[in-house]
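The values are calculated or read from the model by the stated rules, or taken from the named source; none is laboratory data. Just so it is clear, the structure is predicted and the values come from calculations on it, not from any experiment. Methodologically, a virtual Cβ is constructed for each residue, glycine included, from the backbone with ideal geometry; neighbour enumeration extends over all protein chains shown.
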Amino acid sequence: MKNRVILADNLAVLRRLPDASVDLVYIDPPFNTGRRQVRREIKTVPDADGDRTGFGGRRYRTIRIGARSFEDAFDDYLAFLEPRLIETRRVLRRTGSLYFHIDYREVHYCKVLLDALFGRECFLNEIIWAYDYGARTRRRWPAKHDNILLYARDPQAYYFSVEELDRIPYMAPRLVGAAKAARGKLPTDTWWHTIVSPTGKEKLGYPAQKPLGVLSRIVKASCPPGGVVLDYFAGSGTTGEAALRAGRSFILVDNNPEALRVMKRRFAGRPEVEFIRGAGRPPSIGPGRRS
Ligand SMILES: C[S@@+](CC[C@H](N)C(=O)[O-])C[C@H]1O[C@@H](n2cnc3c(N)ncnc32)[C@H](O)[C@@H]1O
C-alpha cells in the first residue's frame with residue numbers, strides 16, 4: 001500500500017475508511033490544556049550585545065524565525081472525541097488495537113469513554129511514559145508523565161509481539177547472569193524515555209512532537225510486519241516515520257497546514273509517501289491482510 005499523508009478533518013477521513021482495514025491506531029490528540037500549543041523557531045547570531053552567552057563567553061542574539069501552533073481548548077472534549085473513537089473501533093481489524101495518548105488532565109474521563117465504546121474487557125494497559133525535562137513546580141509534585149491507554153478490538157484475538165522490541169537495562173544487573181544482563185529485559189508498562197529535545201537532531205519544530213523511540217516500540221509491538229498503521233492526529237508524522245522504519249504502511253491525517261508542511265519535510269525524498277489535500281478520495285488500503 002502507498003503511504004498517505006492527508007490534510008483534512010480526521011472525522012471526514014475516518015468515515016471514508018473501510019471497516020476492519022487497519023491493524024493499529026495510535027492517536028495523540030490535543031490534550032485540552034485550554035491554550036493554544038505553540039513551538040517557536042529561533043536562531044542565534046553572533047552579537048556582542050546579544051541576549052545569550054555561548055561557548056568561551058561569546059555573546060549571541062536570538063532571532064525569532066517563525067512559530068507553529070495548533071488549537072488545544074475544547075468546550076466539550078469528549079463530544080469531540082467520541083465520534084472519532086466510534087469510527088476507530090469500526091476501522092480496526094479484529095486483531096487490531098488502539099493506543100490513545102493523553103495526560104493527567106483528561107485521562108480518567110477518556111478511559112471511562114473508551115470503556116463504554118470498546119468494552120471494559122478490551123482494556124489492556126495504561127502505559128506511563130515518564131520523562132524528565134523542564135521546570136519543576138515547588139507547590140505540588142511536578143507532572144512529568146503522559147498516559148497511553150491501550151485497547152484491543154477483540155481481547156481474544158489482538159496482535160502483540162515482543163520479538164522486535166528494544167530491550168532495557170536491568171536496574172540491578174549483578175543480580176542476574178552476565179548473558180541476561182547483556183541482553184537486557186523487556187519493557188513494562190512504565191516507559192522512561194526522554195522527550196524530543198528542543199535542540200536535538202530529532203526535533204522538527206512542531207509543538208508536542210512525540211519521540212520516535214516511543215512510537216517505534218508501539219508500532220513493533222502492536223502492528224504485524226507489513227500491516228497498516230493509522231494516526232489521525234498526526235502532527236509532525238512521528239508515527240509514519242516509525243512505521244516506515246519498521247516496514248509497516250501508514251495513513252496520517254492532520255487538519256493543520258503547518259503539520260503538512262512539517263511532514264513534507266520529514267518525508268522528503270521518500271517516493272513511497274503520497275500527500276493528499278482533503279478527505280475527498282477514500283484512501284485505498286490495498287490488498288493487505290484481513291482478519
Ligand atoms: C498533539 S499533536 C500530535 C503530535 C504528533 N503525535 C507528533 O509526534 O508530532 C495533535 C495534532 O492534532 C491535530 N488535529 C486537531 N484536531 C484535528 C482534527 N479535527 N482533524 C485532524 N487533525 C487534528 C493538530 O493539528 C495537531 O497537529
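Scanning region 144-153 turns up no residue that is in contact with a helix residue (DSSP H, G or I) (Cβ under 6 Å, 6 or more places away or on another chain) and at pLDDT below 95.
For region 105-138, a residue qualifies if it is in a strand (DSSP E or B) and either among the charged types (D, E, K, R) or exposed (fewer than 14 other Cβ atoms within 10 Å of the Cβ) (or both), and the qualifying residues are GLU126, ALA130. Candidates ASP23, ASP75, ASP49: the one that is in a strand (DSSP E or B) and among the acidic types (Asp, Glu) is ASP23.
Between ARG217, ARG261, ARG248, the distinction of being surrounded by fewer than 19 Cβ atoms within 10 Å (Cβ to Cβ) and of a type in the set (Lys, Arg) belongs to ARG261 only.
What do you reckon, is TYR77 free of Cβ contacts under 8 Å to residues at least 60 places away in the same chain and surrounded by fewer than 14 Cβ atoms within 10 Å (Cβ to Cβ)? No: the conditions fail for TYR77.
Elements of the type helices (runs of 4 or more DSSP H) sitting completely within region 162-260 and holding at least 1 residues that are at pLDDT 95 or above and in contact with a strand residue (DSSP E or B) (Cβ under 7 Å, 6 or more places away or on another chain): these cover 212-222, 238-246. Taken as a whole, the condition of being out of contact with any Phe, Trp or Tyr (no Cβ under 6 Å at 6 or more places or on another chain), surrounded by 13 or more Cβ atoms within 10 Å (Cβ to Cβ) and either under 24 Å from TYR133 (Cβ atoms) or in contact (Cβ under 8 Å) with a residue 12 or more places away in the chain (or both) does not apply to LYS185.
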